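> One structure coming up, written as structure tokens, with questions to follow.
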Amino acid sequence: MKTQVTYNTQIVKQTARELGFDFCGVSKAEFLQEEAPRLEKWLKAEAHGKMSYMENHFEKRLNPSKLVPGAKSVVSLLYNYYPEEDLAKDRPSHSKIAKYAYGQDYHFVIKDKLKTFLKMLQEKIGQIEGRVFVDSAPVMERQWAAKSGLGWIGKNTLLINKDQGSFFFLAELIIDLELEADGPIKDYCGTCTKCIDACPTDAITPYELNASQCISYLTIELKDGIPDEFKNKMEGWAFGCDICQDVCPWNRFSKKHQEHNFTPKEELLELFNNNWQDLTEEVFRSAFKGSAVKRTKFEGLKRNLKFLENN
């Protein structure tokens, strides 16, 4: 006979599927004991570069009940963004942007789904208190996803799913509802070092990332000029970078996403076709309206393109 906890867990996972999430796993909302010393060491090594916000809310990053009082479960979700066309490979442009930024900003697309998710659970199960997160609060998303068995954290520090690789957005519901927890799975990286060998800036050592050397950090988070030491090492990346994912053998299992909001606009395709020659502030506003690329602003993207031109 099913217990109420089992029944509620099934409802949560079924609802996740209904909303288009590819994978759903559950963890008990408890202090991330193993992560505390790792996070402290990473911050002390200043591997977070100038992302000073990473130093804030240390306890909140590790303890979900600091974010949601009375939290009992962390529901982790994966949402596929692998595109139909890889613009970095299939277009003539010398400048590239990461696949996750081809379409609408994932924060908005997934946040709306998460709000609907919580509302549906409240309708199906009853009163549930909680919060939804998608890369927008001090939540250790990859660690929670790994803890719930959705994959393992690879040598490139990204979550890798055995069935479909790593081209996923991660999201969470932290709720005060008791659910059946899933367990972690083993690490399947084995002896492979393709991600480490392919990184042109040597940002990756096994299971650790020096963000201050990562192309994604340099092109998005860093507000100062890109240091000269990275000349001839950017490999054409103007916003973000997919190198360590593109070379990962597990991504041969990636499947094309079904989210129309992630389809690139014609204006973006034109920029690729014309080698970014037509990028004015007006074109930037139009091509990247509602896009994650807006984070770097017009001046930031121009800075990145100019740095690439001078390489």
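> Quick check on my filter: what residues within region 127-160 are touching a residue at least 24 places away in the same chain (Cβ under 8 Å), among the polar types (S, T, N, Q) and open to solvent by 10 Å² or more (accessible area, probe 1.4 Å)?
S136, Q143, T157 - these are the residues of region 127-160 that are touching a residue at least 24 places away in the same chain (Cβ under 8 Å), among the polar types (S, T, N, Q) and open to solvent by 10 Å² or more (accessible area, probe 1.4 Å).
> Turning to a different aspect of this structure: Tally the residues that are β-branched (V, I, T) and open to solvent by less than 50 Å² (accessible area, probe 1.4 Å), restricting the search to region 182-199.
Residues flagged as β-branched (V, I, T) and open to solvent by less than 50 Å² (accessible area, probe 1.4 Å) within region 182-199 amount to 1.
> Let me ask you something else. Do we find that I174 is in contact (Cβ under 8 Å) with a residue 40 or more places away in the chain, open to solvent by less than 60 Å² (accessible area, probe 1.4 Å), among the β-branched types (V, I, T) and under 23 Å from V109 (Cβ atoms) in this structure? Please lay out each step first, then the result.
Numbers: in contact (Cβ under 8 Å) with a residue 40 or more places away in the chain: yes; open to solvent by less than 60 Å² (accessible area, probe 1.4 Å): yes; among the β-branched types (V, I, T): yes; under 23 Å from V109 (Cβ atoms): yes.
Spelling it out, I174 is indeed in contact (Cβ under 8 Å) with a residue 40 or more places away in the chain, open to solvent by less than 60 Å² (accessible area, probe 1.4 Å), among the β-branched types (V, I, T) and under 23 Å from V109 (Cβ atoms).
> Restricting attention to region 223-241, does a residue exist that is under 19 Å from K162 (Cα atoms), out of contact with any Asp or Glu (no Cβ under 6 Å at 6 or more places or on another chain) and not β-branched (V, I, T)?
No: zero hits.
> If I filter region 106-126 down to residues being of a type in the set (A, V, I, L, M, F, W, C) and in contact (Cβ under 8 Å) with a residue 60 or more places away in the chain, which single residue comes out as most open to solvent (accessible area, probe 1.4 Å)? Steps first, please.
First, pick out the residues of region 106-126 that are of a type in the set (A, V, I, L, M, F, W, C): 108-110, 114, 117-118, 120-121, 125.
Of the ones still in play, those that are also in contact (Cβ under 8 Å) with a residue 60 or more places away in the chain are 108-110, 117, 120-121, 125.
Details: F108: 129, V109: 21, I110: 1, F117: 0, M120: 41, L121: 0, I125: 49 Å².
In this case the residue turns out to be F108.
> From the residues in region 200-248 that are buried (at least 16 other Cβ atoms within 10 Å of the Cβ) and among the hydroxyl-bearing types (S, T, Y), which one is modelled with the lowest pLDDT?
Selected residue: S212.
> Please verify whether region 195-217 includes one or more residues that are charged (D, E, K, R) and within 21 Å of E30 (Cα to Cα).
Kept after step one, since they are charged (D, E, K, R), are these residues of region 195-217: 197, 202, 208.
From the residues that got through so far, the ones that are within 21 Å of E30 (Cα to Cα) too are none.
Scanning region 195-217 turns up no residue that is charged (D, E, K, R) and within 21 Å of E30 (Cα to Cα).
> Within region 64-105, count every residue that is open to solvent by 20 Å² or more (accessible area, probe 1.4 Å), modelled with pLDDT under 85 and assigned to a loop (DSSP other than H, G, I, E, B).
3
> Does F262 count as open to solvent by 70 Å² or more (accessible area, probe 1.4 Å), out of contact with any helix residue (DSSP H, G or I) (no Cβ under 6 Å at 6 or more places or on another chain) and under 30 Å from G20 (Cα atoms)?
When the stated conditions are applied, F262 does not pass them.
> Also: Residues being open to solvent by less than 20 Å² (accessible area, probe 1.4 Å) and not small (G, A, S): count how many of those fall in region 272-311.
Filtering region 272-311 for residues open to solvent by less than 20 Å² (accessible area, probe 1.4 Å) gives 272, 276, 279, 284, 287-288, 291-293, 296, 300-301, 304-305.
Of the ones still in play, those that are also not small (G, A, S) are 272, 276, 279, 284, 288, 293, 296, 301, 304-305.
The total comes to 10.
> If you don't mind, there's one more thing I want to ask. When you look at K255, is it in contact (Cβ under 8 Å) with a residue 60 or more places away in the chain, surrounded by fewer than 16 Cβ atoms within 10 Å (Cβ to Cβ) and either touching a strand residue (DSSP E or B) at 6+ places or on another chain (Cβ under 7 Å) or of a type in the set (F, W, Y) (or both), yes or no?
Numbers: in contact (Cβ under 8 Å) with a residue 60 or more places away in the chain: yes; surrounded by fewer than 16 Cβ atoms within 10 Å (Cβ to Cβ): yes; either touching a strand residue (DSSP E or B) at 6+ places or on another chain (Cβ under 7 Å) or of a type in the set (F, W, Y) (or both): yes.
Spelling it out, K255 is indeed in contact (Cβ under 8 Å) with a residue 60 or more places away in the chain, surrounded by fewer than 16 Cβ atoms within 10 Å (Cβ to Cβ) and either touching a strand residue (DSSP E or B) at 6+ places or on another chain (Cβ under 7 Å) or of a type in the set (F, W, Y) (or both).
The values are calculated or read from the model by the stated rules, or taken from the named source; none is laboratory data. As the structure is a computational prediction, the values presented were derived from the model and not from experiment. Note that we place each Cβ from the backbone using ideal geometry, even for glycine, and neighbour counts take in every protein chain shown. Side chains included, ligands, DNA and RNA excluded: accessible areas come from the protein's heavy atoms. Shrake-Rupley method; radii C 1.70, N 1.55, O 1.52, S 1.80 Å.
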